[in-house]
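Below: one structure, written as structure tokens.
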Amino acid sequence: MNIGAVIIIGLIILALFGIPIYLSLGISALIAMAMADLPFEILAQKMFAGMNSSSLLAIPFFILAGNIMSRSITGKLIGISNAFIGWIKGSLALVTVVASALFGAISGSGVATVSAVGGTTIPAMKEEKYPAHFAAAIASMASILGPIIPPSITLIVYGSITGVSVSKLFLGSVIPGVLLALVLAGYALFYGKKYDLPAHKRKSPKEIACTVKDGIWALLMPVIILGGIFGGIFSPTESAAVAVIYALLISFFVYKDMSFKDLGSVLIDSSISTATILMMVGLSKSSSYVVTVSGLPEMILSGFASFTDSPIVILLLINVLFLIIGMLMEANAAIVMMTPLLLPLIKAFGIDIIQFGIVMSFNMCIGLITPPVGICMLMGNQLAGSKLSAALKAVAPMLLMSLIILMLITYIPALTTWLPGFLAE
């Protein structure tokens with residue numbers, strides 16, 4: 001059997017038995033190397049090389065910033081959103097979408113977004129007699145804005161594997177992220193009006209001004225991060241460090257709703273999440289080396305080429321593949337596994353590497369909602385205390401809308417390539 005295929009099959013089997021993805025990847029790589037009589041020293045060498053990237057430093061900082069925010073700044077962002085749009089029917093659903101987009105512009109994580117934003121707005125929606133299944137659905141679906149809207153941890157991982165500029169990937173994901181946010185906001189408005197969901201009293205300009213004044217430091221955080229990256233003031237890695245420092249200063253000395261005692265647990269949680277991702281990235285370098293040596297990418301390329309020579313068909317098949325993988329595997333793990341395999345195919349068919357990365361990331365984010373993995377959907381449903389079947393039925397229209405956007409960014413390259421090209425000129 002091809003040793004590259006051994007890694008893929010071994011990874012899937014071990015993961016199904018509940019072994020953590022990074023361990024499954026490492027064990028599969030060791031087995032394949034033993035079968036090919038490759039020296040085990042390669043595993044450590046390639047693993048170090050995979051993690052020896054300055055762009056990867058952004059991951060622990062963004063995770064830490066998101067964890068700090070979830071304990072402090074999130075409530076301010078929700079309060080500002082509610083002040084402006086709380087008078088609309090179904091406003092809490094709309095607030096959930098807006099707050100998720102704002103939170104996502106800092107954390108880059110879907111799980112962190114559903115935990116921080118959904119953990120606040122889902123109980124509030126239930127208190128106002130929103131259907132529990134809808135509360136779970138809108139909070140879970142809005143949470144995938146976290147890894148779509150820049151900064152995105154999945155895109156940082158993809159950039160580290162391919163060598164593509166992370167800043168360009170962030171720019172390319174802006175339009176898809178905004179499209180999804182607008183579609184979800186529109187659906188929340190439609191649902192609120194159709195089912196006559198409650199609305200709050202319209203706040204006076206003075207009340208809105210007071211709310212904005214109280215939360216302005218929280219609102220400035222995504223502005224500073226994204227403005228700094230896109231304005232060329234600092235790199236994504238530097239922006240992540242700025243986000244942590246800013247979040248700490250605001251939480252400790254401005255809002256004073258976080259103590260030094262809380263910092264220990266925040267650092268531990270962030271360290272565990274960071275270690276898991278970086279181990280996967282490092283081991284992916286080792287496994288991708290073995291896969292490349294095995295000739296598996298060339299076999300896949302020749303197989304696809306013998307089936308069709310149309311980039312349109314290739315992209316459709318890849319999307320179907322990713323949607324299936326997203327149902328079974330965590331997003332970063334899927335990107336780590338599939339990128340080295342499919343990169344030669346993408347280049348051979350002349351598909352833009354930035355577009356491909358964003359299409360793959362968007363696919364994997366949809367996987368955060370779809371069972372059996374669907375971790376954001378499971379978390380949102382648990383927070384709402386709803387039946388999973390009812391929540392999945394409620395999220396179905398939003399999933400369909402996200403699939404339409406996926407097809408748009410797949411077949412209209414300008415949606416992902418125009419902005420990076422325009423700002424690079």
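The values are calculated or read from the model by the stated rules, or taken from the named source; none is laboratory data. Every value quoted in this text rests on a predicted model; they were computed, and no experiment measured them. Neighbour counts run over all protein chains shown; Cβ positions are idealised from the backbone, glycine included.
Tabulated values for the structure
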quantity	calculated
Of all residues in the range 148-162 being in a loop (DSSP other than H, G, I, E, B) and of a type outside the set (S, T, N, Q), the one that is surrounded by the most Cβ atoms within 10 Å (Cβ to Cβ)	PRO151
The listed residue being basic (Lys, Arg) and within 30 Å of ILE351 (Cβ to Cβ), out of LYS201, LYS129, LYS168, LYS194	LYS168
Conditions (1) surrounded by fewer than 16 Cβ atoms within 10 Å (Cβ to Cβ); (2) touching a residue at least 60 places away in the same chain (Cβ under 8 Å); (3) closer than 30 Å to ALA275 by Cα: number failed by GLY385	(3)
Matching option when the condition is of a type in the set (Ser, Thr, Tyr), within 30 Å of LEU77 (Cβ to Cβ) and exposed (fewer than 15 other Cβ atoms within 10 Å of the Cβ), among SER265, SER235	SER265
Hey, GLY282 touching an Asp or Glu at 6+ places or on another chain (Cβ under 8 Å), within 30 Å of THR410 (Cα to Cα) and surrounded by 14 or more Cβ atoms within 10 Å (Cβ to Cβ) or not	no
Residue that is modelled with pLDDT of 80 or more, part of a helix (DSSP H, G or I), loosely packed, with under 14 Cβ neighbours inside 10 Å and not charged (D, E, K, R), where the choices are ILE312, ILE318, ILE354, ILE335	ILE312
Subset of the range 175-205 (residues that are touching a residue at least 40 places away in the same chain (Cβ under 8 Å) and within 20 Å of LEU408 (Cβ to Cβ))	ILE175, PRO176, GLY177, LEU179, LEU180, ALA181, VAL183, LEU184, ALA185, TYR187
Breaking point among (1) in a helix (DSSP H, G or I); (2) under 30 Å from the mean Cα position of the chain (by Cα); (3) under 23 Å from GLY79 (Cβ atoms); (4) in contact (Cβ under 8 Å) with a residue 60 or more places away in the chain, for ILE208	(2)
Criterion violated by PRO39 - all others in (1) of a type outside the set (S, T, N, Q); (2) part of a helix (DSSP H, G or I); (3) at pLDDT 80 or above satisfied	(2)
Every residue from the range 335-371 that is under 16 Å from LEU415 (Cβ atoms) and either in contact with a Phe, Trp or Tyr (Cβ under 8 Å, 6 or more places away or on another chain) or β-branched (Val, Ile, Thr) (or both)	ILE351, ILE353, ILE354, GLY357, ILE358, VAL359, MET360, SER361, ASN363
Contacts under 8 angstrom Cβ, first residue in the range 399-425 being over 14 Å from GLY357 (Cβ atoms), partner surrounded by 14 or more Cβ atoms within 10 Å (Cβ to Cβ) and of a type in the set (Ser, Thr, Tyr), 6 or more apart	LEU399/THR370; MET401/TYR187
Residue ID - nearest to the chain's Cα centre (by Cα), chosen from residues in the range 370-407 that are β-branched (Val, Ile, Thr) and closer than 10 Å to SER140 by Cβ	ILE375
Residue in the range 21-34 that is over 24 Å from ILE300 (Cβ atoms), within 24 Å of the chain's Cα centre (by Cα), in contact (Cβ under 8 Å) with a residue 24 or more places away in the chain and surrounded by fewer than 19 Cβ atoms within 10 Å (Cβ to Cβ) present	no
Near pairs, Cβ below 6 angstrom, 6+ apart or cross-chain, from the range 116-133 (over 17 Å from ILE106 (Cα atoms)) to any residue that is outside any helix (DSSP H, G or I) and of a type in the set (S, T, N, Q)	ALA132/SER386; HIS133/SER386
Condition met for PHE84 (among the aromatic types (Phe, Trp, Tyr), assigned to a helix (DSSP H, G or I) and crowded, with 23+ Cβ neighbours inside 10 Å)	no
Search result, residues across the range 227-238 that are assigned to a helix (DSSP H, G or I) and modelled with pLDDT under 85	GLY227, GLY228, ILE229, PHE230, PRO236, THR237
